[in-house]
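The values are calculated or read from the model by the stated rules, or taken from the named source; none is laboratory data. This structure is a prediction, so every number in the text was calculated from the model and none was measured. Methodologically, a virtual Cβ is constructed for each residue, glycine included, from the backbone with ideal geometry; neighbour enumeration extends over all protein chains shown.
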Amino acid sequence: MPTTNRKKQKQGRDTAVQGTNDSSVVSKVSAAAQGYFHDIFLQHFVCKVVRRAPLINRGYYVRWRAVDHCIRRFFQVTENCPKRQILSLGAGFDSLYFRLHADEALVRAVVFEVDFPDVARRKTALINSNITLKGMLDAHLPCPGPVHVSSGQYHLLGLDVREESQGWEQCVCLDMNDFYLGLVPEEERCRVEVLEPFDEYEEWHQKCSHYFILTASRGSFTAQALLSHPSVSPLPSKSPSWSPVALSVITIPVCVEGLGMASTLVSPGQVLLTGGSSRGGRGAVARVLLRGQEGWRSVIVEPSVDLGVRLYHTVTSCPGGGAVVYGGRSSPLNPIRGLFKVTLGPCGPPGPLDSEDRGAVKLCVEQMVCTGDQPPPRWRHTATIVSHKGKNFLFVFGGKNESEAVLGDGHFLCLEQQHWTEIPVEGAAPEALHSHSAYSVPCVVVINLITRSSVELSLDTTSVPWPLMLHSFCSELTDSEEPELLLIGGGGNCFSFGTHFNPQPVTVDLTLALG
């Protein structure tokens, strides 16, 4: 490749990286404005305050907290040192120096910040034009070469730094799940978790698995770690055993996408889908996936009564036909009350394999009027059919609602009498759960109760368009001759890379797993 083209490509990549600083500082200001952390200086680096989504605010909070934790610890373990310095690479428009200066924490300490020359020049201009920021520089020293700002305790340099140094004697690394659950005090976590309505747990845990903080030291500091692993791991420490078997995954040529949908196999070859949200927003459209001789097709159904917009609800097939729709939410502040019994009408003639028929299936919707003590409204729960003394019950367990972060109660609805009733349950009750699964199967043990271990199988997704994001999706065991699992919907929001929806359902061949 010619030198000129390589230089242009490098400049393009550098510009893209520098652009992340602009969006990042806006997100930091949003998190500070919502009370996640205290920083009155960030606002001087943006034109206006823009409110970001709760997931973005939490993501910036946990990283801010991790860095702040290590810096405060550094000041503690170096309290008796005559000189101390903090070197921030890729500092962007961070306000670290100004926060520490305001807290009078920079005793015998100097902050050095390094970033691209263009970023450093822009930050220098913002500092020099702001009375508050400029007034916090205790001296104005000459700025030779790449130095843009130089004062007694703060130096800003514009350099292209890409070389790695070695020689560290000790290294400690934690991802943000371990840090947040293990090192952030419970009282602080409780404070943060009620700042905003929040229901993006899959993306939150995924983000915390992606980001980490690492500290490296040498010499006398190896005995005084800035970061330490929690004494008791907040996350399960039992690693699953991986099976060498990889299950094949195949795409179904039907366009169905969405997060937080609910599904159920209402009859052989018919999967009912309701609710969820997709690119068009939260939808009230119900559809059926029909399996014929030519494969699967999607049919939008016409409900006799509007089921409304709902996410993270349940649809449970009933003995004798039909299904019960229960719970869900329209927003984290608005749980949905009431139950509906839904029944599919006749199917029309099949259309082309990739078509989406409308109105070929009728959906009869009937609100259920139930007696007894109804459970509190909820979402992210389970609703499972169980049989007891010749009667069929809908067993609802767990979930969350607008007032409870997680629920641990169980409730039985007698389907024949439409009556919420109490059934004595012996033994230890399960702990409070949400976003879990439950299935009633006699005499089947999924997890080995002696070793308390499980076996996980990998999926061969080489034939499926990348990425395949397996959270907030539906799954159904189909009634085909070969055992297979149908995965529908799924995806998530990423603050850096946008929103992704799995565009099509996929099937997982379970033959090797069950054989």
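If only residues of the range 68-90 that are among the aliphatic types (A, V, I, L, M) and touching a helix residue (DSSP H, G or I) at 6+ places or on another chain (Cβ under 8 Å) are counted, the one that is farthest from residue 204 (Cα to Cα) is 77. Which members of the range 369-399 meet the condition of being part of a strand (DSSP E or B), over 23 Å from residue 320 (Cβ atoms) and basic (Lys, Arg)? Hits for the range 369-399: nothing passes.
Inside the range 135-150, can you point out the residues that are touching a helix residue (DSSP H, G or I) at 6+ places or on another chain (Cβ under 6 Å) and more than 24 Å from residue 67 (Cα to Cα)?
Applying the first criterion (touching a helix residue (DSSP H, G or I) at 6+ places or on another chain (Cβ under 6 Å)) to the range 135-150 yields 136, 148-149.
Hit for the range 135-150 is 148, nothing else.
Of all the listed residues (315, 305), the sole one being over 19 Å from residue 501 (Cα atoms) and in a strand (DSSP E or B) is 315. Taking the criterion of being over 16 Å from residue 70 (Cβ atoms) and assigned to a helix (DSSP H, G or I), the residues of the range 98-117 that qualify are 98, 101, 102, 117. For the range 131-149, a residue qualifies if it is over 20 Å from residue 159 (Cα atoms) and either in contact (Cβ under 8 Å) with a residue 12 or more places away in the chain or not in a loop (DSSP other than H, G, I, E, B) (or both), and the qualifying residues are 131, 132, 133, 134, 136, 137, 138, 139.
Hey, among the residues in the range 47-75 that are within 28 Å of residue 331 (Cβ to Cβ) and of a type in the set (Val, Ile, Thr), which one's nearest to the chain's Cα centre (by Cα)? Of everything passing the filter in the range 47-75, 56 is nearest to the chain's Cα centre (by Cα). Residues of the range 98-133 that are touching a helix residue (DSSP H, G or I) at 6+ places or on another chain (Cβ under 7 Å), surrounded by 15 or more Cβ atoms within 10 Å (Cβ to Cβ) and closer than 19 Å to residue 79 by Cβ: 106, 111. Scanning the range 380-436 for residues that are aliphatic (A, V, I, L, M) and over 30 Å from residue 333 (Cβ atoms) gives 385, 386, 415, 423, 425, 428. Of the candidates 125, 120, the single residue that is touching a Pro at 6+ places or on another chain (Cβ under 9 Å) and either assigned to a strand (DSSP E or B) or under 20 Å from residue 22 (Cα atoms) (or both) is 120. When residues of the range 87-97 are filtered for being modelled with pLDDT of 90 or more and surrounded by fewer than 20 Cβ atoms within 10 Å (Cβ to Cβ), how many remain? Qualifying residue count, the range 87-97: 3.
For residue 366, indicate whether it is closer than 30 Å to residue 255 by Cα, at pLDDT below 90 and assigned to a strand (DSSP E or B). Give the derivation first.
Values: closer than 30 Å to residue 255 by Cα: yes; at pLDDT below 90: no; assigned to a strand (DSSP E or B): yes.
Considered against the rule, which asks whether it is closer than 30 Å to residue 255 by Cα, at pLDDT below 90 and assigned to a strand (DSSP E or B), residue 366 comes out as no.
Of the listed requirements (1) part of a loop (DSSP other than H, G, I, E, B); (2) modelled with pLDDT of 90 or more, residue 349 misses just one: (2).
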